[in-house]
């Protein structure tokens with residue numbers, strides 16, 4: 001028994017919430033056992049906002065109170081506990097020897113930060129013992145325990161990260177992330193009607209998609225896949241579609257310049273007046289004060305662009321008030337523009353290829369989309385636009401680079 005290859009299987013809350021979904025989970029686990037694999041199950045809270053045990057519904061019981069994030073984590077973590085017990089019960093009813101585990105019982109130790117903790121280490125002995133005796137562990141995702149014993153949660157979507165972290169700790173043969181779509185898509189299908197399922201994507205491309213707004217996989221989970229070389233596949237709980245294989249960088253050969261388009265809304269831009277650049281010392285000192293003060297206030301900046309007399313950066317709209325308070329405390333004049341969106345073209349094949357930015361600009365211009373700011377890396381080109389043009393921009397880039405073909 002102990003020599004069977006381990007496969008970590010993560011199931012989302014929409015499948016856990018219904019009898020049909022739980023039956024599909026039992027079928028997936030049965031298939032793994034018939035292939036002589038040792039499945040370890042990770043589950044999210046049942047359903048989405050409005051469902052009785054969804055995370056947002058649970059937190060809605062207290063609204064903004066209690067302000068104590070420790071208690072909010074205690075409350076939020078119960079959704080996954082309910083799911084773990086219900087799924088374990090479903091598996092036992094199907095004749096499978098399953099047992100539910102909290103994140104703490106699974107040995108998941110975090111850094112202690114509430115509501116967005118990072119996994120620091122995993123002690124998998126309890127899970128390995130359950131596997132060795134032929135059992136199927138069902139682990140509550142999205143949670144762990146701080147070194148001092150406090151329950152902490154991993155941020156929204158954190159069950160993906162639980163699955164990938166367990167995959168590393170258990171030296172799993174594979175990690176399978178099950179959703180209600182057939183795999184990773186070239187764009188959000190709710191925004192882009194021509195979005196298609198990708199057969200394969202590099203771990204870096206998946207990470208960039210998550211970083212720039214795609215919600216198919218939690219960003220720390222994608223980062224783990226990139227760093228560890230985990231064999232990850234994203235599949236549909238209900239169909240036989242093979243899904244999307246996540247490939248490591250060494251073995252990946254991009255088939256085209258671009259792979260996908262991600263987008264994020266709720267973005268704002270701030271322009272800060274600086275001393276003129278001809279006074280280099282004062283100019284650089286002012287820039288440094290802005291960056292340090294924003295970091296101290298826990299404001300995350302993006303797409304920052306310094307110029308001769310200004311510093312321009314983007315940030316989440318939710319952080320604007322805090323950022324403006326920081327700038328007022330520094331005595332710096334500033335201007336805010338909200339209701340923006342960031343659209344990002346992702347593709348490992350664009351590195352070193354001339355003309356990609358020209359094609360981006362042409363595609364957006366033909367669609368009548370005005371670009372306010374641009375940032376790029378080896379595998380991404382991001383543009384800042386008005387939020388009400390986001391859907392049009394995603395479609396223009398998707399069509400301009402033939403991503404649905």
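The values are calculated or read from the model by the stated rules, or taken from the named source; none is laboratory data. Everything numeric here is computed off the predicted structure, so don't read it as measured data. Please note: Cβ atoms are built from the backbone with ideal geometry, for glycine as well, and neighbour counts cover all protein chains shown.
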Whichever residue in the stretch 87-98 is surrounded by fewer than 19 Cβ atoms within 10 Å (Cβ to Cβ) and not in a loop (DSSP other than H, G, I, E, B) and, among such residues, is nearest to the chain's Cα centre (by Cα): 89
Residue under question is residue 213, and the condition is that it be at positive phi, without any contact (Cβ under 8 Å) to a residue 60 or more places away in the chain and outside the structural domain of residue 324 (by TED's automatic domain parsing); does it hold? no
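Are any residues in the stretch 129-152 surrounded by 24 or more Cβ atoms within 10 Å (Cβ to Cβ), closer than 29 Å to residue 32 by Cα and touching a strand residue (DSSP E or B) at 6+ places or on another chain (Cβ under 6 Å), and if so, which ones? Let's see the steps before the verdict.
Looking only at the stretch 129-152, we keep the residues that are surrounded by 24 or more Cβ atoms within 10 Å (Cβ to Cβ), and these are 137-144, 152.
Next, only the ones that are closer than 29 Å to residue 32 by Cα stay: 137-144.
Selection gives 137, 138, 139, 141, 142, 143, 144.
Scan 187, 221 and give me the residue that is in contact (Cβ under 8 Å) with a residue 24 or more places away in the chain, in a helix (DSSP H, G or I) and surrounded by 21 or more Cβ atoms within 10 Å (Cβ to Cβ). Give the steps one after another, and end with the answer.
Working: 187 fails: in a helix (DSSP H, G or I).
The unique qualifying residue is 221.
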Out of the residues in the stretch 113-125 that are crowded, with 16+ Cβ neighbours inside 10 Å and over 20 Å from the mean Cα position of the chain (by Cα), state the one that is nearest to residue 224 (Cα to Cα). 122
Lone unmet requirement of (1) in contact with a helix residue (DSSP H, G or I) (Cβ under 9 Å, 6 or more places away or on another chain); (2) part of a helix (DSSP H, G or I); (3) surrounded by fewer than 14 Cβ atoms within 10 Å (Cβ to Cβ) for residue 255: (2)
When you scan the stretch 63-74, do you find a residue that is under 22 Å from residue 25 (Cβ atoms) and not in a loop (DSSP other than H, G, I, E, B), even just one? no
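Tell me, please, whether a residue that is assigned to a loop (DSSP other than H, G, I, E, B), more than 14 Å from the chain's Cα centre (by Cα) and closer than 30 Å to residue 389 by Cα can be found in the stretch 238-250. Talk me through it step by step, then tell me what you get.
Pass one, the stretch 238-250, residues assigned to a loop (DSSP other than H, G, I, E, B): 238-243, 248.
Subsequent filtering for residues that are more than 14 Å from the chain's Cα centre (by Cα) retains 238-243, 248.
Next, only the ones that are closer than 30 Å to residue 389 by Cα stay: none.
No, the conditions are met nowhere in the stretch 238-250.
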Take the stretch 190-214 and flag every residue that is part of a loop (DSSP other than H, G, I, E, B) and in contact with a strand residue (DSSP E or B) (Cβ under 9 Å, 6 or more places away or on another chain). 191, 192, 195, 196, 198, 199, 212, 213, 214
If you scan the stretch 370-385, which residues turn out to be in contact with a helix residue (DSSP H, G or I) (Cβ under 9 Å, 6 or more places away or on another chain) and closer than 30 Å to residue 203 by Cα? 371, 374, 376, 377, 378, 379, 380, 381, 383, 385
Only listed residue being within 24 Å of residue 396 (Cβ to Cβ), at pLDDT below 95 and touching a strand residue (DSSP E or B) at 6+ places or on another chain (Cβ under 9 Å), chosen from 217, 181: 181
